[in-house]
Amino acid sequence: MIDRKVLGMAGEKLAAVYLKLNGHKIMARNFRKPWGEIDLISTSPDGTLVFTEIKSTLIEEADKAPSPSDHMNFKKIRNLRRSAEFFSNKFPELSRHGWRIDFISIRIPEEIVGKGNLYPPLLLTRLLKCCEVELWENAV
């Protein structure tokens, strides 16, 4: 049985690699406020500030598990927006090109989850090819 926290951490690391490969610069991880957390904050190649919510599942459970996007509800969306507004107001220089909230669904093979925290960045790039990644820009 895979620890869900370990799965989430592996998903966040792999999602960060995915964003970097697509030209993003990671600005912050796990930005927490009392009302919620943003998994990754980055700037896109065009300078847009991007707040990314990441949901991770196992590839082996893909047919049983709800779609990662099903985890997005009104309360989660409201808290993401609130956190994004707080961050963009605190760092206005980062949001001068605007901001958006994206959603990444990542399905990971079980055999790489437990070791995910031990992999160096170059190997994470190779492991990303074993995963199923879907990106929704402006998801919220």
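Here are the numbers for the structure shown:
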| read-out | value |
| --- | --- |
| Any hit, the stretch 36-53, residues being at pLDDT below 95, at negative phi and among the hydrophobic types (A, V, I, L, M, F, W, C) | no |
| Residue match in the stretch 29-42 (condition: surrounded by fewer than 16 Cβ atoms within 10 Å (Cβ to Cβ), closer than 25 Å to residue 113 by Cβ and touching a Ser or Thr at 6+ places or on another chain (Cβ under 8 Å)) | yes |
| Candidate set from the stretch 83-125 (those that are within 18 Å of the chain's Cα centre (by Cα) and of a type in the set (D, E, K, R)); member that is modelled with the lowest pLDDT | 107 |
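The values are calculated or read from the model by the stated rules, or taken from the named source; none is laboratory data. Model, not experiment: these values are computed from the prediction. Cβ atoms come from the backbone with ideal geometry, glycine included; neighbour counts cover every protein chain shown.
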